[in-house]
Amino acid sequence: MPLGIDQELMRLLLDTFAVELEEQIQVIIDGLLVLEKGAAGDERHQVLENIFRAAHNIKGAARGVGVTDVSDIAHHLESMFAVLKRENINPDGTVTDIALESLDAMRKAMAAFCADQQPYLNKAGLLERLEKVATAVESKTLTTEEVIDPAVVSRSDDETNVVVPAPESTVVEKESVHQRETPSVAQPAESPAADVVRIKLEKLEKLAAIMEELQVTKIEMDDHLVSVQHLRNRVQDLASGWQRNKNRGMSRTSADTDFWLKQSTDAITELDWVSERAYREMRSSASRLGILVESLQDSVRMMRLVPVATLLRPMTRSVRDIARELNKKINFEISGDDIEIDRVVLDGVRDPLIHLLRNALDHGIESPQQRLDKGKPAEGRLHVAVSRESGRIVLTVQDDGEGISLEKISASARKKKIVSDVELQVMGRDEILDLIFRPGFSSKEIITSISGRGIGLDVVVANLRKLKGSVQVETEEGRGTRFILRLPITLATEHGVLVRAGGTVFAIPTSAVDRIMEIRLEQILEVEASHAILHGGRTIPLRDLGTTLELGAYERINSKTLPVMVVAKGWDSVAFLVDEIIGEREIVVKPLRPPLQVVRNITGGTLTGSGEVIMVLNPSDLVDSGLRGSLLQLKGVQSEQQQVKVQRVLVVDDSITTRSLEKSILEHAGYKVSVAVDGRQAWGLLQEQVFDLVVTDVEMPQMTGFELTALIKQSDKLKNMPVIIVTSLANEQDKRRGIESGADAYIVKGQFETKILLDVVGQLI
């Protein structure tokens, strides 16, 4: 420790240096990869200057905090870069290898220093080889044997993600190096800088501005408190005066009575005025306070966001190393990585992304000779694109390799008994592709980006579910494969589906709910002495949620349909019968405290606006409990044949709240109601089932209400079916478009009332 510096300040300096070290290391890595690609002219000069300056900065800072091992390595690295700069030449693969090895050694030395341990590296041997390289580069007599020493640890598997600039693409040339049996993308390890998040000054300034506004609102609330205190005093005066005069009422004269009545009237008038003013002022301040609190909450969330480059930029090094080991040429491109995402989400998506990159490199992209034989460029393309879509982050991993063979997927799935022949016959293209995400589906015999290491892509699905994300695969044989990962920007908030089971209201995280639907008795199957339903081309166990939670089965008196919620855990799913689907809302989950942490099926609680506590169910426990569950008790449920003929209505709306509201209104009036989340799903239901009327929203994904209405009116089979449009679009142009599409009625949500909807439905049916 440098003299005159106390331990607390030294620790602060070390933490600061740890962040700087990672940033400077990444600058050098990015620069080396650009130079190895073959930079020329001003670009080469600038990159050589950048990496030389970065090594120089590391050397000086390391000496300042007393990390001599890092300082010594940086000094020799600086000397080698000085030769490259003076000669104005690009390093070849061998020079780049030892430079990267030196950077890994710095990381190890820094980690060992912070842990007060001896670093596990041969520093003397590394420094000697760096000197040889610098001399050989200057004399242009460098050979690979001079720097490759099998006794020295060549490359650490530790990578630390930092926010740094990097080249848009990295071309990896084919060179012969030691092969590893199973290459893998290096997984980043924890470092002294791992918990550091840099915050832009503009974010802090925005936060400070909101705090100032909150202070103003607090002053307003203090003024309101004075008004309320005055109101309270006047009420007390009136109450005490009323009590006194009431007790003396028998002896009171007419004059006294008139005076008392006048005083009381004046007091009541003043109370009315004061209370009205206090209410208006407090309502205004409460509204402003709500807006400020929401802004403050959003600003605090934004402070947790970091650029996706924090994760992606260091992966250029990993991709380069694996490609060299596989003797493949790879053009690795990154785009859109300046988009920001929650640090927790970014850390969670690390493993899925690493898995996908490893598979693309190892099995998706062909060798240079294979690509040339197929008429492709020898250099394969691997692209990671980041974008925003409807408030979510989309990560797309795309390669131009062999693609995925559906026939081979089917054959492997059948061979491993993942699916039966009967299931395969009814599966579509997308459902067959999704088989690669099933547990146990990992085979080198498949022409795809499956690694064949015994760990399949089911780990990708499992990790993304924890992040409330999803994955989709698209492929074209011979042209390549694309994996699309959709993630929330932040995990700070949670949405939950509220359901009633066993007479009690529960919430379950929306991310775990695969589907909400209604089924008829005829749709319930008996499979191996258990009840199940068919969903997504496969059978799913059907259980009663109340019974699963040991609350008792709900007796569904004269029920014609059964509300069902499909809950997923990885690839396992269970369909739960519930008493009622209430709707979806934003929730803040408060975890249970010891000793209640061991309560099965419960993960915590959430509060409603009225202060009521709702238990939040644990999806993982719930699925496990459901898989162990017993047969259903379906007392009171009627089959289709037992039902009295009722008129059927199809409600189409992408908002679960609106769907639930309209469904509840219509069912209460005696109609049988089915729901669809968009026009496309509704059109499919109309082809399969018979309905008497359609109630549809306008603005929906896949297919709008106008488009659905037009399709219905153009169909010979459905053209006489009434269609009601219920929407918030109130201008005349939209109303005219609704009528032109063939709608029989147009209800604006702002004017929406239960009676209006029922009257229109009744008239049209």
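General observations
- Look at (1) within 27 Å of Ser390 (Cβ to Cβ); (2) without any contact (Cβ under 8 Å) to a residue 60 or more places away in the chain and you find that Gly742 fails only one, number (1).
- Verdict on Ile516 being under 13 Å from the mean Cα position of the chain (by Cα) and of a type in the set (Val, Ile, Thr): no
- Where Lys560 falls short, out of the listed (1) under 25 Å from Leu650 (Cβ atoms); (2) open to solvent by less than 20 Å² (accessible area, probe 1.4 Å); (3) at pLDDT below 85: (2)
- Filtered by the rule that a residue be in contact (Cβ under 8 Å) with a residue 40 or more places away in the chain and assigned to a loop (DSSP other than H, G, I, E, B), segment 700-713 gives Met700, Pro701.
- Residues in segment 569-581 that are surrounded by fewer than 19 Cβ atoms within 10 Å (Cβ to Cβ) and either modelled with pLDDT of 80 or more or not hydrophobic (A, V, I, L, M, F, W, C) (or both): Gly570, Asp572, Glu580.
- Residue that is surrounded by the fewest Cβ atoms within 10 Å (Cβ to Cβ) [pool: residues in segment 290-317 that are within 21 Å of the chain's Cα centre (by Cα) and of a type in the set (Val, Ile, Thr)]: Val300
- Pick from segment 42-63, criterion of a type in the set (A, V, I, L, M) and in contact with a Gly (Cβ under 7 Å, 6 or more places away or on another chain), ranking: least open to solvent (accessible area, probe 1.4 Å): Ile51
- Wholly enclosed strands (runs of 3 or more DSSP E) of segment 416-533 bearing at least 1 residues in contact with a strand residue (DSSP E or B) (Cβ under 7 Å, 6 or more places away or on another chain) and modelled with pLDDT of 85 or more: 470-476, 480-488, 494-501, 504-509, 513-519
- Close pairs (7 angstrom Cβ cut-off, 6 or more residues apart or separate chains): within 15 Å of Ile516 (Cα to Cα) and free of Cβ contacts under 8 Å to residues at least 60 places away in the same chain in segment 675-689, open to solvent by 50 Å² or more (accessible area, probe 1.4 Å) and not aromatic (Phe, Trp, Tyr) anywhere: Val677/Asp654; Asp678/Asp654; Asp678/Pro701; Asp678/Gln702
- Members of segment 675-695 found to be farther than 24 Å from His495 by Cβ, not charged (D, E, K, R) and not in a loop (DSSP other than H, G, I, E, B), listed by number: Trp683, Gly684, Leu685, Leu686, Gln687, Leu693, Val694, Val695
- Of all residues making up segment 714-741, the number that are in a loop (DSSP other than H, G, I, E, B), at pLDDT below 85 and either of a type in the set (A, V, I, L, M, F, W, C) or surrounded by fewer than 18 Cβ atoms within 10 Å (Cβ to Cβ) (or both): 4
- Total residues in segment 686-702 satisfying the condition of being open to solvent by 30 Å² or more (accessible area, probe 1.4 Å) and on the phi < 0 side of the Ramachandran plot: the figure is 7.
- One residue stands out in segment 264-288 among those that are of a type in the set (S, T, N, Q) and surrounded by 15 or more Cβ atoms within 10 Å (Cβ to Cβ): the one that is modelled with the lowest pLDDT, namely Ser285.
- Residue check, Gly750 open to solvent by 10 Å² or more (accessible area, probe 1.4 Å), at pLDDT below 90 and at positive phi: no
- In segment 82-108, of all residues being of a type outside the set (Lys, Arg) and more than 42 Å from the chain's Cα centre (by Cα), the one that is surrounded by the most Cβ atoms within 10 Å (Cβ to Cβ) corresponds to Leu84.
- Test for Gln643: is it at pLDDT below 85 and in contact with a helix residue (DSSP H, G or I) (Cβ under 8 Å, 6 or more places away or on another chain): no
- Residue count for segment 388-414, restricted to those that are under 26 Å from Ala323 (Cα atoms) and in contact with a strand residue (DSSP E or B) (Cβ under 7 Å, 6 or more places away or on another chain): 10.
- Meets criteria (modelled with pLDDT under 85, over 28 Å from Glu333 (Cβ atoms) and open to solvent by less than 50 Å² (accessible area, probe 1.4 Å)) for Gly66: yes
The values are calculated or read from the model by the stated rules, or taken from the named source; none is laboratory data. All values reported here derive from a predicted model rather than from experimental measurement. We place every Cβ from the backbone using ideal geometry, glycine too, and count neighbours over all the protein chains shown. Surface areas here come from the heavy atoms of the whole protein model, side chains and all, with no ligands, DNA or RNA. Shrake-Rupley method; radii C 1.70, N 1.55, O 1.52, S 1.80 Å.
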